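In what follows, a structure is listed as structure tokens, so that the remarks can point back to it.
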Amino acid sequence: MKMKFKIISIILFLCLIVNISQIPENGHQILNHNVMTRTFSSKEQAINNISLAENAIFNATIKLQYLESINGIITDLVGRLNFAINLLNNASEMLNMSNYNYSVYLSKMALGNVTLLINDINIRIYQTNLYNQQSISMFIITVVIVSISITIAGILIYILIKKYKEKKFLNMKITLPEGDQ
Amino acid sequence: MTRLKRENSDVKQEKIILSGIIIAIVIVSSMIIYSFFNAQSEHFSSIGLLDENKTTSNYPTTVKNNTPFYLWVDIGNYEGKLNLYLVNITLGNENTTINKSHPSTNTAYFIKKYLVIVENQRSRMIHVNLSINMVINNSRLIFELWKFNSVLKKFQYLGLWTQIWINITKST
């Protein structure tokens, strides 16, 4: 009897543990038979993808503005962003015309293009920063070298002039006034 | 003795002239440097509307509903940096309110929007394909220019807009 009771209590305990493990952190119990598998309609997919592509375009614009501010080359990247924007404009147009599948296709293409573009902008920003740092270093080195050269040249010219004057002074003929002769 | 005095006065005059020239050079050069570093060019954006043939002489006055017609919109960026613009196209009438501070959003029908990226000191033309599914006389086809604010991360109305008056008739 005792043994049966123990087995039942162990089974109950295990059931409780299994049940608890299915409760997620927010305290709502997930019941498999109640889970609603919701599939997005083409229209919703198109709207979502257009929104994602728009946000990606905003990020790309901000990054391009930064790249431009640090004197990076942006022309080719702007061309690519323009291409993605045209895709997005067409996707919005298809959405308005209720051509949802084509809108999804175009918005996904726009998103893919902008995602790749953002990576390339990041690389360009890194390269530009590196180039700018090197340029600053080169400028400082050049200034130091030029300053030292000018100083040395100045000292040498001063010494040469001094020597020349000394030589000239030594070669001078001393002519005394007539009364002193 | 008088010769020596004259020479001294000449030297003094030369010194005064020389110091005057130096002062003038310093003042002029400092003014040039100041104007060079503080030169602020005017920053602005622009929007322009052209007909299908990219001219300003043949705007459509009457179109049929649900029938496509085309226009060109020219956007200029002279803001000193690359900018992302939004061209908002709305359809209003004589009661629609639009001015420099208020867009037509609340008093007009939204038709379409276009995003446009424009480099600094450049302009870009977009081909606008429109088809309106309502019948309305004396309507205003309004094109508003909005600019993306990278700090607020949203578009802001620039107070720039253009329009054409148009009759939309029923297609047979």
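Cα to Cα, under 25 Å, and not fewer than 8 places away if on the same chain: which lysines meet these conditions relative to B:Lys15?
Leaving aside lysines fewer than 8 places away in the same chain, those within reach of B:Lys15 are B:Lys5.
Let me cross-check A:Arg80: its accessible surface, 1.4 Å probe, with only protein heavy atoms counted, in Å² to the nearest 10?
The accessible area of A:Arg80 comes to roughly 100 Å².
Sort B:Met31, B:Met134 by heavy-atom solvent-accessible area, probe 1.4 angstrom, most to least. Let's see the in-between values first.
Details: B:Met31 125, B:Met134 45 Å².
Descending order: B:Met31, B:Met134.
Where the accessible area of region A:104-162 is counted over protein heavy atoms with a 1.4 Å probe, how much of it, in %, is carbon and sulfur?
Roughly 76 percent of what the probe reaches on region A:104-162 is carbon or sulfur.
Counting helices only, and only those DSSP H runs with n ≥ 4, report the 222 nm mean residue ellipticity of chain B as the sum of -39,500 (n - 2.57) divided by its residues, in deg cm²/dmol to the nearest 500.
For chain B, the value works out to -7500 deg cm²/dmol.
Per residue in region B:116-149, which ones lose no less than 20 Å² of accessible surface when going from chain alone to all protein chains (1.4 Å probe)?
Those residues are B:Ile117, B:Glu119, B:Arg124, B:Phe148.
I need to check one value: relative contact order of region B:118-160, counting alpha carbon pairs closer than 8 Å and at least 6 residues apart, in percent.
It comes to 25 percent, rounded to a whole number.
As a quick test, which of the pairs B:Lys100/B:Lys147; A:Lys63/B:Lys154; A:Lys43/B:Lys64; A:Lys63/B:Lys153; B:Lys81/B:Lys153 have an alpha carbon distance above 20 angstrom in this structure?
A:Lys43/B:Lys64
What does the accessible area of B:Val26 come to, in Å² to the nearest 10, when a probe of 1.4 Å is used?
Approximately 90 Å² of B:Val26 is accessible to the 1.4 Å probe.
Normalised by the number of residues in chain B, what is the relative contact order in percent for Cα pairs under 8 Å and 6+ residues apart?
That works out to 25 percent.
Need one word for the protein assembly as shown: rounded, prolate or oblate. Basis is the Cα gyration tensor (sqrt eigenvalues a ≥ b ≥ c); a/c below 1.5 gives rounded, then a/b vs b/c decides.
The shape class here is oblate.
Label region A:42-135 by shape, choosing from rounded, prolate and oblate, from the square roots a ≥ b ≥ c of the eigenvalues of the Cα gyration tensor; if a/c is under 1.5 it is rounded, and otherwise prolate applies when a/b is larger than b/c, oblate when it is not.
On the way: a/c = 3.67, a/b = 3.18, b/c = 1.16.
Because a/c hits 1.5 or more and a/b exceeds b/c, region A:42-135 counts as prolate.
Rank by packing, highest mean first: peptides A:99-111, B:8-20, with packing defined as the count of other Cβ atoms within 10 Å averaged across residues. Can you show the working numbers first?
Details: A:99-111: 20.3, B:8-20: 10.0.
Going by the mean number of other Cβ atoms within 10 Å, highest first, we get A:99-111, B:8-20.
Show me you know the interface measure: the accessible area buried between B and A, both chains summed, probe 1.4 Å, in Å² to the nearest 100. Present the calculation step by step, with values, prior to reporting the outcome.
Working: alone 11820 and 14800 Å², together 24900 Å².
The summed interface area works out to 1700 Å².
Suppose all protein chains stay in the model; what accessible area per residue would a 1.4 Å probe give for region A:42-135, in Å²?
It amounts to 50 Å² per residue over region A:42-135.
Note down the Stokes-Einstein diffusion coefficient of region B:44-169 in µm²/s, whole number, using a Kirkwood radius over alpha carbon pairs, 4 °C, and 1.567 mPa s.
D = 87 µm²/s.
Using Cα-Cα distances under 8 Å and only pairs 6 or more residues apart, what relative contact order does region A:42-135 have, in percent?
In percent, rounded to a whole number, it is 42.
Quick check for you: with a 1.4 Å probe and neighbouring chains kept, what is the accessible area per residue of region B:44-169, in Å²? It would help to have the intermediate numbers written out before the result.
Working: 6130 Å² over 126 residues.
On a per-residue basis, region B:44-169 sits at 49 Å².
The values are calculated or read from the model by the stated rules, or taken from the named source; none is laboratory data. Here the structure is a predicted model, which means the values were calculated and not measured. Note that each Cβ is placed from the backbone with ideal geometry, even for glycine, and that neighbours are counted across all protein chains shown. Ligands, DNA and RNA are stripped out before the accessible areas are found, and what is left, the full protein with its side chains, is counted by its heavy atoms. Shrake-Rupley method; radii C 1.70, N 1.55, O 1.52, S 1.80 Å.
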